[in-house]
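Working notes for the structure below.
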Amino acid sequence: MSTFNVMLSAIAIIMLDICVLVLIFSAYRERHTGKKRWSKIGGDMELVEPGKTYPLECDEIIIGRHASADIRLMDMSVSRYHALLTVCNGVWTIKDIGSKSGIYINGSRVKQARLCENDIIKLGKYKLTIRKRRNGNNV
Amino acid sequence: MYKNGLSYVTSCLFVLIAHCAMLALVLFNGNYTETKDVVTLAGVVISLDLVYFIVMLFYKQMTYSIDCMLLLILNMSLIFQSCFGGVELAKKHLITCIAALIACRLGYIICRNHTLIQTKKKYIFIINLIIILCILTLTGSRSIWIDLGFMTIQPSEFLKPAFILSCSTSIIEQQKKTKVLCFNVVKENIVLTGLIILIVGLQWWCRDLGSLPTFIAIYLCGLMFRFCYPKAKFSKKILVIIGVISAILIVLALKFAPSYVQDRLNVDIWNDKSGNGYQQSRALIAIAEGGWFGKGPGNGNLHNIAASDTDIVFSSICEEWGLLFALMMIIVILSMLILPLINPPRSYFHTTVTTGVCGAFIVQMALNIFGSCNMIPFTGVTIPFISQGGSSMVTSGFMIGMVIAGQSPVFKRHKRKRRSKGGAK
């Protein structure tokens, strides 16, 4: 194989390498853009309890006492996996996933419910409010 | 399309440049009689790139990197396959590449809405059973192919995406426990275990033991997510028990494997170069002859061996394009599977789907490449997107569509209907 052909091969391999790196870099950029877009898809909502704010930036959010829950409420009145928040077309839904004390939305017990702005969700002794995101809020 | 225009155009441009670099190598170093053949190949590759880039714009996705990676690997495979034994456009492979891209879009559309799929889960199990029945009734006696005259179909390939969807689960599903004797069990998990036992029995009966590790990998991925539910909750005791049981089953399976499997397990390829070790010995010689940069596209001799473009495609690429190109091909496929780690799937359901797909692809690649290198017995499993074969390409495309679906939400213009007072349910 001539030197010219080896060089051509090397160039093609390097171009493939660069292409893969560019695509991985693009994926990182998409991740950054994606975070901003998620909040729009999720209707820019967040869950608030006195002194704490939980941004809703995922398709499925588990609320419970267990360490692996996305929103952890540390009290025995809350089940380990208490409720699941899901979003579809910007509408948030809460589902009871086998909790003992149940879920109360604006005072009435539900198994599953669509959430609206300023709804009060009662899980065990905790009262959480779902509301539009305000700038500068952190968990 | 989301406001990611610059990133999208840059990605597309680099994919195009990478393909052009490969085509330049074919032009200057390839084995062809007429320049027309190279021009045709270049025209097809570049057209496919441009058309797919335009089509992708019509899909409102959050990420496009996996699509670009898919196009990169598909056109790489088209160039590889068109060059085996002489440069000429591989028309059959082109059709399967297009079918794979269509299947990818289909997979994306079907799996985008995970709540919808969860409600139709029983139909997915029914589809699995239908495919199993097709294998039992439509294929020949203990065969894995359906012969339609003008083409042959391998139905066990179509079982892979259906089985991945069966293995995928959601948090809600894992909460639906029922009491059987003194155990709280999830019905879906029992049905799934029954299904894998059925598939193992079927594959054994069809003498398609090569695909068996792929199905077991998919099942183990699904099982792992059920044990680690909802996330990072490892039960070491259960994992150790599963490990021990698996090891015992593997030893028993190898001991009682059919005679043709035993032959492959015990073959010394260098002492039996004209018998059972023929393909593997030739494949190893081809890898050695290829060296780092290969003999040049179309200058190889391995195309004369059976299954050179399917089962020992890795060796064919090593011979003609060199080991570095073959390694690049593996890196591209692995990068495609790594991308979900950068942009994680948006739900538990999609996470299980993505893990199943990654498990299946990695096992298939490992079986093919290690088999070609004589590190494990020869299995005859294809490398996703690289090996020739319609059924394999279409299902691989569909499975990548399922991964892409995990990264882009069901997007519609946000409409918030005010719930009537007190209508919480």
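Please give me, ordered by residue number, the trypsin sites (Lys or Arg not before Pro) of segment B:128-184 that lie in loop per DSSP and have at most 13 other Cβ atoms within 10 Å.
On the way: sites: B:ARG142, B:LYS176, B:LYS177, B:LYS179; in loops: B:ARG142, B:LYS176.
Those that pass, being in a loop and sparsely packed, are B:ARG142, B:LYS176.
Counting helices only, and only those DSSP H runs with n ≥ 4, report the 222 nm mean residue ellipticity of chain B as the sum of -39,500 (n - 2.57) divided by its residues, in deg cm²/dmol to the nearest 500. Each step should come with its number before you reach the end.
Details: 17 runs with 276 residues, N = 425.
That comes out to -21500 deg cm²/dmol.
Indicate the gyration tensor shape class of chain B (rounded, prolate or oblate), computed on the Cα atoms with a ≥ b ≥ c the square roots of the eigenvalues: a/c under 1.5 is rounded; otherwise a/b larger than b/c is prolate and the rest oblate. Kindly include the intermediate steps, with their values, before the conclusion.
Values: a/c = 2.07, a/b = 1.21, b/c = 1.71.
Judged from the Cα gyration tensor, chain B comes out oblate (a/c at least 1.5, b/c at or above a/b).
Who wins for biggest fluctuation among B:VAL251, B:VAL191, B:VAL200 in a Gaussian network model of chain B, springs between alpha carbons below 10 Å?
B:VAL251
Could you list which residues have their amide H under 5 Å from that of B:THR152, counting only those 5 or more apart in sequence or on another chain, with H placed in the peptide plane?
Here the answer is none, since no amide H 5 or more places off falls under 5 Å of that of B:THR152.
Given a cut-off of under 8 Å on Cα pairs at least six residues apart, what relative contact order in percent is computed for chain B? Spell out each step's value before the answer.
Values: 566 pairs, mean separation 109.9, N = 425.
It comes to 26 percent, rounded to a whole number.
I want to check the label-to-label distance for B:THR178 and B:ILE238. Put each point 7 Å from Cα in the C-beta direction and report it in nm to one decimal.
Computed distance between label sites B:THR178 and B:ILE238 equals 1.9 nm.
Total Å² of accessible surface buried at the A-B contact, 1.4 Å probe, nearest 100? Kindly include the intermediate steps, with their values, before the conclusion.
Numbers: alone 9440 and 21420 Å², together 25550 Å².
Its buried surface, counting both partners, is about 5300 Å².
Where nothing but the Cβ of Lys and Arg (+1) and of Asp and Glu (-1) is charged, how large is the charge dipole of chain B around its Cα centre, in debye to the nearest 20? Working shown, then result.
On the way: 37 positive and 18 negative charges, 726 e Å.
The calculation lands at about 3480 debye.
Please compute, for peptide B:341-350, the average count of beta-carbon atoms on other protein chains lying within 10 Å of each residue's beta-carbon.
Numbers: counts 1, 8, 5, 3, 1, 8, 5, 4, 2, 2.
Mean partner shielding for this stretch: 4.
Farthest toward the dipole's positive end in chain B, which of B:CYS373, B:GLN280, B:SER246, given Cβ charges of +1 (Lys, Arg) and -1 (Asp, Glu) about the Cα centre?
Of B:CYS373, B:GLN280, B:SER246, it is B:SER246.
Name the residues of segment A:15-29 whose accessible area, probed at 1.4 Å, falls by at least 30 Å² once all protein chains are in place instead of their chain on its own?
Those residues are A:MET15, A:LEU16, A:CYS19, A:VAL20, A:VAL22, A:LEU23, A:ILE24, A:SER26, A:ALA27, A:ARG29.
Could you tell me which of rounded, prolate or oblate describes segment B:49-203, using a ≥ b ≥ c as the square roots of the eigenvalues of the alpha-carbon gyration tensor, with rounded for a/c under 1.5 and, failing that, prolate when a/b is larger than b/c and oblate otherwise?
Details: a/c = 3.01, a/b = 1.45, b/c = 2.07.
Oblate, because a/c is 1.5 or more while a/b does not exceed b/c.
Once each part is reduced to its C-alpha centroid, what is the distance from segment B:109-157 to segment B:338-381 in angstrom?
Using only Cα atoms to place each centre, the spacing works out to 20 Å.
For the residue pair A:MET1 and B:ILE248, what label-to-label distance in nm results when each label sits 7 Å from Cα along the Cα-to-beta-carbon direction?
Result for the modelled spin labels: 5.1 nm.
On the protein heavy atoms, probe 1.4 angstrom, tell me the percent of accessible surface of the protein assembly as shown carried by carbon and sulfur. Please list the in-between numbers first.
Working: 16370 of 25550 Å².
So the carbon and sulfur contribution to the accessible surface is 64 percent.
Could you tell me which of the pairs A:LYS95/B:LYS179; B:LYS121/B:LYS160; B:LYS92/B:LYS120; A:LYS111/B:LYS60; A:LYS100/A:LYS127; A:LYS52/A:LYS122 are separated by over 25 angstrom between their Cα atoms in the structure shown? Don't jump to the answer; show the numbers that get you there.
Details: A:LYS95/B:LYS179 22 Å; B:LYS121/B:LYS160 16 Å; B:LYS92/B:LYS120 35 Å; A:LYS111/B:LYS60 33 Å; A:LYS100/A:LYS127 16 Å; A:LYS52/A:LYS122 15 Å.
Pairs exceeding the cut-off: B:LYS92/B:LYS120; A:LYS111/B:LYS60.
Could you pull out the trypsin sites (Lys or Arg not before Pro) across segment B:226-334 that fall in loop regions by DSSP (anything but H, G, I, E, B) with no more than 15 other Cβ atoms inside 10 Å? Walk me through the numbers on the way to the answer.
Working: sites: B:ARG226, B:LYS231, B:LYS233, B:LYS236, B:LYS237, B:LYS255, B:ARG264, B:LYS273, B:ARG282, B:LYS295; in loops: B:LYS231, B:LYS233, B:LYS273, B:LYS295.
Taking segment B:226-334 and a limit of 15 other Cβ atoms within 10 Å, the loop trypsin sites (Lys or Arg not before Pro) found are B:LYS231, B:LYS233, B:LYS273.
Say a site is exposed when it is one of the chymotrypsin sites (Phe, Trp or Tyr not before Pro), sits in a DSSP loop, and has at most 11 other Cβ atoms within 10 Å; what is then the longest site-free stretch of chain B?
Working: sites that count: B:PHE58, B:PHE150, B:PHE234, B:PHE256, B:TRP270.
Counting at most 11 other Cβ atoms within 10 Å as exposed, the longest clean stretch of chain B is B:271-425.
Can you tell me the accessible area per residue over chain A, all protein chains present, probe 1.4 angstrom, in square angstrom? Let's see the in-between values first.
On the way: 6770 Å² over 139 residues.
Value for chain A: 49 Å² per residue.
In degrees, nearest 10, range 0 to 90: what is the angle between the Cα axis of helix A:3-41 and the longest Cα principal axis of chain A?
Result, in degrees: 20.
Per residue, how much accessible area does segment B:8-164 have with a 1.4 Å probe, in Å²? Spell out each step's value before the answer.
Working: 6640 Å² over 157 residues.
About 42 Å² of surface per residue is accessible.
Is segment A:44-139 best put as rounded, prolate or oblate by its Cα gyration tensor, with a ≥ b ≥ c the root eigenvalues, rounded for a/c under 1.5, and otherwise prolate when a/b is larger than b/c, oblate when not? It would help to have the intermediate numbers written out before the result.
On the way: a/c = 1.44, a/b = 1.24, b/c = 1.17.
Rounded, since a/c falls under 1.5.
Tabulate in residue order the Karplus-calculated ³J(HN,Hα) for segment B:100-116, using 6.51 cos²θ - 1.76 cosθ + 1.60 with θ = phi - 60°, rounded to whole Hz; enter x for Gly and Pro.
5, 5, 5, 4, 4, 4, 5, x, 4, 5, 5, 8, 4, 9, 5, 5, 5
Spelling out what I want: for every residue of segment A:121-130, take phi, set θ = phi - 60°, compute 6.51 cos²θ - 1.76 cosθ + 1.60 (Karplus), and round to whole Hz; glycine and proline get x.
Karplus values, whole Hz, x for Gly and Pro: 9, 10, 10, x, 8, 8, 10, 10, 10, 9.
The values are calculated or read from the model by the stated rules, or taken from the named source; none is laboratory data. All values derive from a computational prediction rather than experimental measurement. Please note: Cβ atoms are built from the backbone with ideal geometry, for glycine as well, and neighbour counts cover all protein chains shown. Please note that ligands, DNA and RNA were not included when accessible areas were found on the heavy atoms of the full protein model with its side chains. Shrake-Rupley method; radii C 1.70, N 1.55, O 1.52, S 1.80 Å.
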